[in-house]
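To start, the structure itself, in structure tokens.
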Amino acid sequence: MSMMQQPLLISTLIEHAVLAHPDAEIVSRKVEGGIHRTTYAQAARRSKQLANALTNKLGIKPGDRIGTLAWNTWRHYELYFGVSGIGAVTHTINPRLFPEQIIYIVNHAQDRFIFVDLTFLPLLEAVHDKLPKVEGYVVLTDREHMPAASKLPNLICYEELIADQSDEYEWPCLDENTGAALCYTSGTTGHPKGVLYTHRSTVLHATAATRHDALNIHADSVILPVVPMFHVNAWGTPYAATITGAKLVFPGAGMDGASLYELINGEQATLLLGVPTVWLGLLNYLDQINAKLDSVHSVVVGGSAAPLAMIKAFDQKHDAFLIHAWGMTELSPLGTVNNLNSKLAALPKEERYQRQLKQGRPVYGVEIKIVDDEGNDLPRDGKTFGRLLVRGPWVAGEYYLHDDRKAFAGGWFDTGDVATIDADNTMQIVDRSKDVIKSGGEWISSIDLENAAVGHPGLKECCVIGVYHPKWDERPLLLAIRKEGSTVTEQEVLDFLKDKIVKWWMPDAVVFVDELPHTATGKLLKTGVREQYKNWLVENGRA
């Protein structure tokens with residue numbers, strides 16, 4: 001063996017930070033109010049205090065699962081390293097899941113303790129009697145802000161837990177394929193399914209994220225991950241930032257436009273990451289106060305597709321480039337990124353905007369292909385639709401304690417997405433396989449229709465579903481939420497779409513609604529909507 005066999009471990013990331021950029025900042029909006037500032041060196045010391053407390057006080061052993069129900073803050077960051085570093089598993093729990101789903105995943109993971117922010121105490125108090133394996137609850141706060149009373153048994157104050165512990169700790173040399181972090185996906189049918197990330201997969205993923213053609217995270221970056229740390233580990237940005245010494249700005253619970261702008265402006269953030277609904281709120285707020293994002297270079301959008309109007313708004317009003325990225329819980333989540341390069345920059349703006357609608361090229365380490373229903377490879381011509389399959393060193397090979405061989409057949413993971421891939425290996429999601437509309441034997445992309453419709457200045461959000469039609473089998477129905485004060489009519493929306501889509505894609509009707517359901521990660525939840533409106537065209541004489 002000619003080369004050293006050093007294991008890729010999460011603990012090596014924070015140790016590197018202590019030596020390479022100890023004074024780089026980690027800024028957080030506190031759940032209790034105000035701003036907290038620390039450094040990578042200080043975070044490393046507290047992570048070691050936590051590691052000692054987990055071992056000495058709570059009796060945590062390698063392989064044990066530790067749940068977190070927390071916002072993006074410095075304390076949650078400490079948990080990422082203190083828990084995984086000792087060989088235990090950091091299990092981030094999404095508080096936006098239904099209570100029944102939270103009960104299921106905590107019990108399925110067999111979490112021994114749950115570390116929880118003050119915000120989410122009522123959520124746990126409502127379900128704790130159905131969590132028999134949980135031995136105690138650690139509140140991520142200090143003694144001053146601990147609740148006077150709680151229904152939760154064995155309530156522990158985080159700051160008191162670690163205060164008397166040594167900040168010296170020798171991280172164990174683990175097998176790099178040891179489980180490090182556990183996330184459950186709500187994007188599957190039935191119960192949420194767990195994905196157990198290893199130290200190796202996490203370090204490789206974090207390293208990939210730093211590359212210029214990926215998220216381009218470097219020492220001069222000031223990163224604001226609005227994507228929650230409970231949503232696929234904030235897309236791996238806490239780890240990537242730790243590698244490079246990028247300044248981390250954690251928003252805490254402040255996800256509204258005003259709170260985000262205050263942080264962006266105050267900390268001079270250069271790279272923002274989040275889902276489209278968050279950026280719509282920010283853009284609307286900036287329009288209201290007539291403000292510009294002077295420091296921001298790039299805005300990464302994932303979770304669902306960004307509409308063309310958003311791409312243009314960030315560029316034309318804020319000189320910021322919107323980076324489409326695509327991934328899944330099963331991909332840790334980074335799969336493809338549509339970052340700015342010389343080829344894209346050379347295009348006329350309108351043509352570049354169209355290219356920005358695509359989800360981008362695979363990051364090295366991820367392979368993609370599209371296949372037909374029989375599993376045959378389809379051409380990379382940018383036009384042919386097919387089922388999107390992926391594989392790579394940070395792609396799940398199985399679900400945690402769940403047998404789903406069909407999703408992982410033949411060494412590839414079937415994403416459930418329908419996509420095109422062009423000659424440049426650039427991928428574009430056309431739809432979810434369950435959401436694509438089959439009309440007269442031809443496919444209609446609900447995503448493309450939604451993106452076109454939401455560009456109307458009078459509409460706030462749109463959802464397109466396929467509903468029953470006696471002749472064409474399915475036809476698109478557009479559900480739309482008007483912006484406050486808007487009086488836009490159905491015909492005005494249809495007229496707006498005429499030069500933006502092919503004629504046979506035109507929705508058969510526009511139905512205005514007050515709200516639309518979303519998943520726990522902010523994506524449109526179409527299952528119930530499809531059932532509610534499945535016969536709408538027939539029942540309303542529009543078929």
- Before we move on, is Arg75 touching a residue at least 12 places away in the same chain (Cβ under 8 Å), under 26 Å from Asp220 (Cα atoms), within 24 Å of the chain's Cα centre (by Cα) and surrounded by fewer than 23 Cβ atoms within 10 Å (Cβ to Cβ)? no
- Query: Taking the condition touching a residue at least 40 places away in the same chain (Cβ under 8 Å) and outside the structural domain of Thr202 (by TED's automatic domain parsing), does Val227 pass?
  - Reply: no
- Query: So is Gly416 without any contact (Cβ under 8 Å) to a residue 24 or more places away in the chain, outside the structural domain of His191 (by TED's automatic domain parsing) and under 24 Å from Gly194 (Cβ atoms) or not?
  - Reply: no
- Tell me, which residue of region 524-542 that is in contact with a helix residue (DSSP H, G or I) (Cβ under 9 Å, 6 or more places away or on another chain) and modelled with pLDDT under 90 is farthest from Val467 (Cα to Cα)? Leu524
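Suppose the filter is out of contact with any strand residue (DSSP E or B) (no Cβ under 6 Å at 6 or more places or on another chain), farther than 30 Å from Val395 by Cβ and touching a residue at least 12 places away in the same chain (Cβ under 8 Å); does Leu282 pass it? Spell out how you get there, then give the answer.
On the way: out of contact with any strand residue (DSSP E or B) (no Cβ under 6 Å at 6 or more places or on another chain): yes; farther than 30 Å from Val395 by Cβ: yes; touching a residue at least 12 places away in the same chain (Cβ under 8 Å): yes.
Yes.
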- Considering residues that are within 22 Å of Asp213 (Cβ to Cβ) and under 20 Å from the mean Cα position of the chain (by Cα), the number found within region 315-329 is 8
- Message: Scan region 381-389 and tell me whether some residue there is under 23 Å from the mean Cα position of the chain (by Cα), in the same structural domain as Asp422 (by TED's automatic domain parsing) and either at pLDDT 95 or above or closer than 27 Å to Val278 by Cβ (or both).
- Response: yes
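Each row is one residue, and each column tells you yes or no for (1) charged (D, E, K, R); (2) buried (at least 23 other Cβ atoms within 10 Å of the Cβ); (3) more than 16 Å from the chain's Cα centre (by Cα).
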site: Val227; (1), (2), (3): no, yes, no
site: Thr237; (1), (2), (3): no, yes, no
site: Ala241; (1), (2), (3): no, yes, yes
site: Gly245; (1), (2), (3): no, no, yes
site: Ser259; (1), (2), (3): no, no, yes
site: Ile264; (1), (2), (3): no, yes, yes
site: Gln268; (1), (2), (3): no, no, yes
site: Leu271; (1), (2), (3): no, yes, no
- Residues being crowded, with 18+ Cβ neighbours inside 10 Å and either within 17 Å of Ala453 (Cβ to Cβ) or not assigned by TED's automatic domain parsing to the domain that holds Glu474 (or both) - total across region 509-522: 2
- Can you pull out the residues in region 436-463 that are within 23 Å of Gly375 (Cα to Cα), crowded, with 22+ Cβ neighbours inside 10 Å and not hydrophobic (A, V, I, L, M, F, W, C)? Ser445
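Matching residues to (1) on the phi > 0 side of the Ramachandran plot; (2) of a type outside the set (S, T, N, Q); (3) part of a helix (DSSP H, G or I); (4) more than 29 Å from the chain's Cα centre (by Cα):
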site	(1), (2), (3), (4)
Ser84	no, no, yes, no
Thr90	no, no, no, no
Tyr104	no, yes, yes, no
Pro153	no, yes, no, yes
Leu161	no, yes, yes, yes
Leu174	no, yes, no, no
Asn177	no, no, no, no
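Here's the yes/no breakdown for (1) small (Gly, Ala, Ser); (2) free of Cβ contacts under 8 Å to residues at least 12 places away in the same chain; (3) in contact with a strand residue (DSSP E or B) (Cβ under 8 Å, 6 or more places away or on another chain):
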| site | (1), (2), (3) |
| --- | --- |
| Gly466 | yes, no, yes |
| Asp495 | no, yes, no |
| Lys503 | no, yes, no |
| Arg530 | no, no, yes |
| Arg542 | no, no, yes |
- Query: Can you name the residue in region 389-415 that is among the aliphatic types (A, V, I, L, M) and closer than 15 Å to Pro333 by Cα and is also surrounded by the fewest Cβ atoms within 10 Å (Cβ to Cβ) among such residues?
  - Reply: Leu389
- Message: I'd like the residue in region 106-139 that is of a type outside the set (D, E, K, R) and assigned to a strand (DSSP E or B) and, out of all such residues, is nearest to Ile156 (Cα to Cα).
- Response: Val138
- Query: So which residues in region 179-201 are in a helix (DSSP H, G or I) and not charged (D, E, K, R)?
  - Reply: His199, Ser201
- Go through (1) part of a helix (DSSP H, G or I); (2) touching a Phe, Trp or Tyr at 6+ places or on another chain (Cβ under 7 Å); (3) touching a residue at least 40 places away in the same chain (Cβ under 8 Å) and name the single condition Ala43 misses. (3)
- Task: Out of Gly375, Gly365, report the one residue that is modelled with pLDDT under 95, on the phi > 0 side of the Ramachandran plot and of a type outside the set (Val, Ile, Thr).
- Result: Gly375
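The values are calculated or read from the model by the stated rules, or taken from the named source; none is laboratory data. Given the structure is predicted, the values throughout are model-derived calculations rather than measurements. Reconstructed Cβ throughout: ideal geometry from the backbone, glycine too, with neighbour counts over all protein chains shown.
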